[in-house]
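Enquirer: I'd like to ask you about the structure that follows.
Computed from the coordinates by the stated procedures, all read-outs in this text should not be read as laboratory data. What you see is a predicted model; the values in this text were computed from it and never measured. Positions of Cβ are backbone-derived with ideal geometry, glycine not excepted, and every protein chain shown enters the neighbour counts.
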Amino acid sequence: MIDLRIYNGKKVFITGHTGFKGSWLSLWLTSMGAEVCGYALAPNTDPALFDILKLKKRMRHIKADVRDFKKLQKELCSFAPDIVFHLAAQPLVRVSYKDPLETYQTNVIGTANLLETAKNCPHVKAVINVTTDKCYKNKEQDYAYKETDELGGYDPYSNSKACSELVTSSYRDSFFNPKDFGKKHNLALASARAGNVIGGGDYSLDRLLPDFVKAIENGEEIILRNPNAVRPWQFVLEPLYGYLLLGKKLLEGNVKFASAFNFGPYDSSIITVESVVKTAIASYGKGNYSIDKGVHPHEATLLKLNNEKAEKELSWKPIYSVKEAIEKTIDWYKAYDDGENMFEFSLNQIKSFENLI
């Protein structure tokens, strides 16, 4: 097992901690003994994983917007964290078509606010900006994108994440240049790009498995918009483990890791939307689906990540197959429906994962 004890006693600031991945990351870090401060809007789903896990009792919770620079700077500098994980975002493609300005303001200006704040707070040793696999200029080819490939993005969400990566690159070159580490500054800045993340507690709109679970609970069919779309599916703990490994290197002052990293599944887990639903039906033991043949906003149909850099430099690799990832996701929702203690259940999923890595 890779040693993550460096987080024990560390002060960790997480933007977007009330979201799906932010809640899992907060749970994992607090379980390792980190002092965690979260900065985010209130959860926008009901139920919400943040509330289900009762994380407000286990960490410092600040309800605020990353677009509010003065508030962000005040809270981050007063907490004086060792490391920042920036997850706050408008994360949905279809929402970005409806409200592109909010998407760009949150994902681009929010990132700039965070990095400018970190620049002004001398205690911060490391920052990881979490973006997405969709930040690449997707040519819809059977090709796994490398960290050095061209950034782009067709829809406003994907494009805003490419912009967020460019902002990160500019701040790294201009203010946190690895060549000047220990001389002009003491901060290591990296970014992390993950695939389609699944796991228990995601109740966001337009998410495949949450929509599937809701349909099951309501006795309805799940409607598939893009059944042939191919995505790099991975269990939520897989990329979070990558973020933690990357953060460990940065906290150790190893600035050669101050760059972009992909965290995606193996090719065997890159399957169609329809295949995911069929596996979920088999795992749940029931369910039906149909295909919506109407016209929908453009979404990429093929997207793959190249993990060679993370595997070679961080010793990170995917653990679960797509089938295991789906089964563990369905197990979580079943446990929640059965009234189990979801804090303990979720913590046990983390412990099971830790035992494998």
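Enquirer: Can you classify the chain as rounded, prolate or oblate using the Cα gyration tensor, where a ≥ b ≥ c are the square roots of its eigenvalues, rounded means a/c under 1.5, and otherwise it's prolate if a/b beats b/c and oblate if not?
Expert: Prolate, because a/c is 1.5 or more and a/b exceeds b/c.
Enquirer: Next question, about the same structure. Helix 322-337: angle to the longest alpha-carbon principal axis of the chain, degrees 0 to 90, nearest 10?
Expert: 80
Enquirer: Please turn the phi angles of segment 161-170 into ³J(HN,Hα) values with the Karplus equation 6.51 cos²θ - 1.76 cosθ + 1.60 (θ = phi - 60°), one per residue in order, whole Hz, x for glycine and proline.
Expert: After applying 6.51 cos²θ - 1.76 cosθ + 1.60, I find 6, 5, 4, 4, 5, 5, 4, 4, 4, 5 Hz.
Enquirer: Nearest 10 degrees, 0 to 90: what angle lies between the long axis of helix 69-79 and the longest principal axis of the chain (Cα atoms)?
Expert: The helix 69-79 is inclined about 70 degrees to the chain.
Enquirer: Then there is this: If the reach is capped at under 27 angstrom between alpha carbons, list the lysines near LYS184, excluding any in the same chain fewer than eight residues apart.
Expert: In chain and number order, the partners are LYS10, LYS11, LYS70, LYS71, LYS74, LYS119, LYS125, LYS248, LYS249, LYS256.
Enquirer: Could I ask something else about it? Which angle between 0 and 90 degrees, to the nearest 10, do you get for helix 208-217 versus the longest principal axis of the chain when only C-alpha atoms count?
Expert: For 208-217 against the chain, the angle is about 50 degrees.
Enquirer: Comparing THR15, THR329, THR148, which has the greatest mean-square fluctuation in the GNM of the chain with Cα pairs linked when under 10 Å apart?
Expert: Greatest mean-square fluctuation among the candidates belongs to THR148.
Enquirer: Once Lys and Arg get +1 and Asp and Glu get -1 on their Cβ, which of GLY182, LEU92, THR103 lies farthest toward the positive end of the dipole of segment 87-234?
Expert: Ranked along the dipole, the leading option is GLY182.
Enquirer: Using 0.36 nm times the number of residues separating GLU140 and GLU220, minus their current alpha carbon distance, what extension gain do you get?
Expert: 25.6 nm
Enquirer: Which residue, LYS249, LYS71, LYS328, has the most motion in a Gaussian network model of the chain that connects Cα atoms within less than 10 Å?
Expert: LYS71
Enquirer: Could you list log10 I(q)/I(0) for segment 40-184 at q = 0.11, 0.14, 0.19, 0.20 Å⁻¹, which the Debye formula gives when each Cα is one point scatterer?
Expert: The computed values of log10 I(q)/I(0) come out as -0.48, -0.77, -1.23, -1.29.
Enquirer: Which ordering of ILE14, ILE357 is given by a fewest-first count of other beta-carbon atoms within 10 Å?
Expert: Values: ILE14 28, ILE357 15.
Ranked by crowding around the Cβ, least crowded first: ILE357, ILE14.
Enquirer: Check which residues have an amide H placed less than 5 Å from ALA188's amide H, if you skip close sequence neighbours.
Expert: Distant-sequence amide H within range of ALA188: ALA126, VAL127.
Enquirer: Dipole of the chain, Cα-centred, from +1 at each Lys and Arg C-beta and -1 at each Asp and Glu C-beta, to the nearest 20 debye?
Expert: 1240
Enquirer: Let me ask something else. Give the shape of segment 228-283 as rounded, prolate or oblate, defined through the alpha-carbon gyration tensor: a ≥ b ≥ c are the square roots of its eigenvalues, a/c under 1.5 means rounded, and otherwise the shape is prolate if a/b is larger than b/c and oblate if not. It would help to have the intermediate numbers written out before the result.
Expert: Working: a/c = 5.28, a/b = 2.76, b/c = 1.92.
Judged from the Cα gyration tensor, segment 228-283 comes out prolate (a/c at least 1.5, a/b above b/c).
Enquirer: Based on the alpha carbon coordinates of segment 235-340, what radius of gyration and maximum Cα-Cα distance (Dmax) apply, in Å?
Expert: Calculated on Cα positions, Rg and Dmax stand at 17.5, 52 Å.
Enquirer: Residues with amide H under 5 Å of ILE291's amide H, sequence separation 5 or more or different chain, H placed in the peptide plane at 1.01 Å from N; which?
Expert: Sorted by chain and number, the residues that satisfy this are LEU224.
Enquirer: Using just the alpha carbons, could you tell me how many Å³ per residue the convex hull of segment 111-215 encloses?
Expert: Considering the Cα atoms of segment 111-215, their hull volume per residue is 139 Å³.
Enquirer: Follow-up question, since we're still on this one. For each cysteine in the chain, check whether another cysteine's C-beta sits under 4.7 Å from its C-beta; list those where none does.
Expert: CYS37, CYS135, CYS163
Enquirer: Something else about it: Got a sec? Charge dipole of the chain, +1 on Cβ for Lys and Arg, -1 for Asp and Glu; which of LEU250, TYR154, PRO227 is way out at the positive end?
Expert: Among LEU250, TYR154, PRO227, the one farthest towards the positive end of the dipole of the chain is LEU250.
Enquirer: Mind sorting ILE216, ILE62, ILE83, ILE223 by how few other Cβ atoms lie within 10 Å of their own Cβ, fewest first? Before the final figure, lay out each step's value.
Expert: On the way: ILE216 22, ILE62 18, ILE83 26, ILE223 12.
Least crowded to most crowded, the residues run ILE223, ILE62, ILE216, ILE83.
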